[in-house]
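Presented below is the structure to which this report refers.
The values are calculated or read from the model by the stated rules, or taken from the named source; none is laboratory data. All figures in this text were calculated on a predicted structure; none of them were measured in a lab. No Cβ is skipped: glycine too gets one built from the backbone with ideal geometry, and neighbour counts run over all protein chains shown. Heavy atoms of the whole protein, side chains included, go into the accessibility calculation; ligands, DNA and RNA do not. Shrake-Rupley method; radii C 1.70, N 1.55, O 1.52, S 1.80 Å.
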Amino acid sequence: MNARLSYNDCRLEFQRVKVVAFKIGLLGLGTVGAGTAEILLSPESRHSLLQELEIYRVGVRDISRTRSLQLPENVLTTDLEAIATDPEVDIVVELIGGLEPARSLILQAIANGKHVVTANKAVIARYGNEIFDAANAKGVYVMLEAAVGGGIPVIQTLKQSLGANRIKSVTGIVNGTTNYILTRMQTEGADFAEVLADAQQLGYAEADPTADVDGLDAADKIAILASLAFGGRIKLADVHCEGIRQVSAADIDYADKLGFVIKLLAIAQETSQISEQNGDAEGELLSIRVHPTFVPKAHPLASVNGVYNAILVEGDAIGQLMLYGRGAGAGPTASAVVSDILNVAAILKTETVPIPHPLLSCSHQHYCKIAEMQELVTRFYARFLTGDTPGVIGKLGTCFGNHQVSLESIVQTGIHGNLAEIVVVTHDVREGNFQQALDEIRAMEAVDSIASTLRVL
Ligand code: HSE
């Protein structure tokens, strides 16, 4: 018998002997932590690399709590710092959420040479600079696929798959809670407060819904997406943020009649701004904002309903690309977390000394230049309550005209008591001009109130 092994036999033998176990230190065993552990504990029929991952430690607040998960013995601990500093741990997976101690634990893990996987958009949006500086100095990876869009692989797509493109815009429905509320308002004709209360009872909205309904969660997410898409750092304070509390059933109804739906959009797009000093173009700036928006019914984002998320990316080479899926929940988010763990494990397996992978690490240092909101050029919808007297529509039209705001339509449909309801939709206008016109209109004797204004996509 020939004792020599073929190349294939050698390869199989090598794989059999060299089963490297990468040790995972999991911080947090809530919904996403438990979903992640569940996938790691049942690697069958998933990617074969999963078989080389070991849940080594799991940090929780309360060990005595009854859990349905069958975790290996002695992995649970309440000492989260010990996990972040344990020399045995290769990858720290931070799934506790919140700012602290999550930020400190991530930094501790990095300082101890661990690669980090996190789903924590709040920490990355606020402390990403500090975290990526530390990670780059230490030569470790910080992966965050689960931080935006839950199971939607948008981070990898922006980091790797779309590298050939100059990105023009990223527009997303990235908050499931608000999309669920707006969808129900649309289908039931109900008001915000009514649907929010019901969504809280059903567990679709948090007891404290602030981060979701005020747009803060979406602002964190678009800051992260913009940073990757446009290759620069973003200060969260530069993201213009409006939530959905002021969206009324009347606006949803008008949107429908005018051929739109209202969505909370998170938008990052290239724009140009004229210098106030010398009238020259200031070069490419970024407009980055979160606000409820009139979306034409034929637009791909208009049909993204309920808790679903979608992100529409526009690149010079690819054109439009839309990613759609579940933006939250145990399974989808754990899918994203484990994909990051696999990416890190693949690097650890193939490189003896991991060097910063140019497509996986975040190395940009400069800050993106952000355009002022008043320079934004967009369409607007506005609803006015006015006296039902001759000449009001004319006065509104003249005022808008004086401020270079061109109107696409102006209609008076409803009467509220003795007040007339007048709705306008503008052509593309400079936001600063539109706001100046509104200031003047607000002061008109015939005008009772400006009931709402919303931007139109
Ligand atoms: N609270 C978020 C949402 C999910 O409603 O979409 C976590 O990012």
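Keeping to segment 184-216, report how many residues are open to solvent by 50 Å² or more (accessible area, probe 1.4 Å), without any contact (Cβ under 8 Å) to a residue 60 or more places away in the chain and in contact with a strand residue (DSSP E or B) (Cβ under 8 Å, 6 or more places away or on another chain).
1
Assuming ALA330 fulfils every condition listed in (1) of a type in the set (A, V, I, L, M, F, W, C); (2) open to solvent by 20 Å² or more (accessible area, probe 1.4 Å); (3) at pLDDT below 95 apart from one, which condition is it?
ALA330 satisfies all of (1) of a type in the set (A, V, I, L, M, F, W, C); (2) open to solvent by 20 Å² or more (accessible area, probe 1.4 Å); (3) at pLDDT below 95 except (3).
Being among the β-branched types (Val, Ile, Thr), more than 16 Å from the ligand (Cβ to nearest atom) and closer than 26 Å to VAL32 by Cβ is the filter here; which residues of segment 295-333 pass it?
Within segment 295-333, the subset among the β-branched types (Val, Ile, Thr) is 295, 304, 307, 311, 313, 318, 333.
With the extra rule that they be more than 16 Å from the ligand (Cβ to nearest atom), the set shrinks to 295, 313, 318.
Answer for segment 295-333, where residues must be among the β-branched types (Val, Ile, Thr), more than 16 Å from the ligand (Cβ to nearest atom) and closer than 26 Å to VAL32 by Cβ: just VAL313.
For the condition within 16 Å of the ligand (Cβ to nearest atom), open to solvent by less than 10 Å² (accessible area, probe 1.4 Å) and either closer than 23 Å to VAL92 by Cβ or of a type in the set (A, V, I, L, M, F, W, C) (or both), what is the one hit in ILE131, ILE181? Outline the logic, then answer.
On the way: ILE131 fails: within 16 Å of the ligand (Cβ to nearest atom).
When all the criteria are applied, what remains is ILE181.
Restricting attention to segment 134-154, and to residues there that are away from the ligand (no atom under 13 Å from the Cβ) and assigned to a helix (DSSP H, G or I), which single residue is surrounded by the most Cβ atoms within 10 Å (Cβ to Cβ)? Steps first, please.
So in segment 134-154, the residues away from the ligand (no atom under 13 Å from the Cβ) come out as 134-143, 153.
Narrowing the set further to residues that are assigned to a helix (DSSP H, G or I) leaves 134-138.
Details: ALA134: 19, ALA135: 25, ASN136: 17, ALA137: 10, LYS138: 15.
Once the filter is applied, the top-ranked residue is ALA135.
In the same structural domain as ALA302 (by TED's automatic domain parsing), in contact with a helix residue (DSSP H, G or I) (Cβ under 7 Å, 6 or more places away or on another chain) and away from the ligand (no atom under 11 Å from the Cβ), is that true of PHE192?
Numbers: in the same structural domain as ALA302 (by TED's automatic domain parsing): yes; in contact with a helix residue (DSSP H, G or I) (Cβ under 7 Å, 6 or more places away or on another chain): yes; away from the ligand (no atom under 11 Å from the Cβ): yes.
Spelling it out, PHE192 is indeed in the same structural domain as ALA302 (by TED's automatic domain parsing), in contact with a helix residue (DSSP H, G or I) (Cβ under 7 Å, 6 or more places away or on another chain) and away from the ligand (no atom under 11 Å from the Cβ).
Out of segment 282-301, which residues are open to solvent by 10 Å² or more (accessible area, probe 1.4 Å) and part of a helix (DSSP H, G or I)?
Selection gives PRO300 alone.
Tally the residues that are assigned to a loop (DSSP other than H, G, I, E, B) and either at pLDDT 95 or above or assigned by TED's automatic domain parsing to the domain that holds THR271 (or both), restricting the search to segment 399-436. Let's see the steps before the verdict.
The initial filter retains those residues of segment 399-436 that are assigned to a loop (DSSP other than H, G, I, E, B), namely 403-406, 417-418, 427-428.
Restricting the remaining residues to those that are either at pLDDT 95 or above or assigned by TED's automatic domain parsing to the domain that holds THR271 (or both) gives 403-406, 427-428.
Residues flagged as assigned to a loop (DSSP other than H, G, I, E, B) and either at pLDDT 95 or above or assigned by TED's automatic domain parsing to the domain that holds THR271 (or both) within segment 399-436 amount to 6.
Any residue in segment 61-84 that is open to solvent by less than 50 Å² (accessible area, probe 1.4 Å), within 17 Å of ILE341 (Cα to Cα) and not small (Gly, Ala, Ser)?
Looking through segment 61-84, at least one residue is open to solvent by less than 50 Å² (accessible area, probe 1.4 Å), within 17 Å of ILE341 (Cα to Cα) and not small (Gly, Ala, Ser).
Taking LEU158, is it within 18 Å of the chain's Cα centre (by Cα) and away from the ligand (no atom under 16 Å from the Cβ)?
Working: within 18 Å of the chain's Cα centre (by Cα): yes; away from the ligand (no atom under 16 Å from the Cβ): yes.
Judged against the criteria, LEU158 is a match.
Do you know which of the residues in segment 21-36 that are out of contact with any Phe, Trp or Tyr (no Cβ under 8 Å at 6 or more places or on another chain) and closer than 17 Å to VAL344 by Cβ is surrounded by the fewest Cβ atoms within 10 Å (Cβ to Cβ)?
Keep residues of segment 21-36 that are out of contact with any Phe, Trp or Tyr (no Cβ under 8 Å at 6 or more places or on another chain), which gives 21-22, 26-36.
Filter once more, keeping what is closer than 17 Å to VAL344 by Cβ: 21-22, 26-27, 36.
Values: ALA21: 12, PHE22: 20, LEU26: 31, LEU27: 26, THR36: 29.
It comes out as ALA21.
Within segment 437-453, does at least one residue satisfy the condition of being in contact (Cβ under 8 Å) with a residue 60 or more places away in the chain, assigned to a loop (DSSP other than H, G, I, E, B), over 30 Å from SER169 (Cβ atoms) and not assigned by TED's automatic domain parsing to the domain that holds ALA226?
Taking segment 437-453 as the starting set, the residues that turn out to be in contact (Cβ under 8 Å) with a residue 60 or more places away in the chain are 446-453.
Then drop every residue that is not assigned to a loop (DSSP other than H, G, I, E, B), which leaves 446.
Adding the requirement that they be over 30 Å from SER169 (Cβ atoms) leaves 446.
With the extra rule that they be not assigned by TED's automatic domain parsing to the domain that holds ALA226, the set shrinks to 446.
Yes; the residues of segment 437-453 include at least one that is in contact (Cβ under 8 Å) with a residue 60 or more places away in the chain, assigned to a loop (DSSP other than H, G, I, E, B), over 30 Å from SER169 (Cβ atoms) and not assigned by TED's automatic domain parsing to the domain that holds ALA226.
Looking at (1) at pLDDT below 95; (2) assigned by TED's automatic domain parsing to the domain that holds ASP62, find the lone condition where GLN160 falls short.
Exception for GLN160: condition (2).
Pairs please, first residue from segment 144-157 and within 8 Å of ILE224 (Cβ to Cβ), second anywhere and near the ligand (Cβ under 9 Å from one of its atoms) and of a type outside the set (Val, Ile, Thr), Cβ atoms under 6 Å, 6+ apart in sequence or on different chains.
Here the result reads ALA147/ALA119; ALA147/LYS121; VAL148/LYS221, each pair linking segment 144-157 to a residue that is near the ligand (Cβ under 9 Å from one of its atoms) and of a type outside the set (Val, Ile, Thr).
Quick check on GLY163: is it under 20 Å from ALA125 (Cβ atoms) and not charged (D, E, K, R)? Reasoning before the result, please.
On the way: under 20 Å from ALA125 (Cβ atoms): no; not charged (D, E, K, R): yes.
It is false that GLY163 is under 20 Å from ALA125 (Cβ atoms) and not charged (D, E, K, R).
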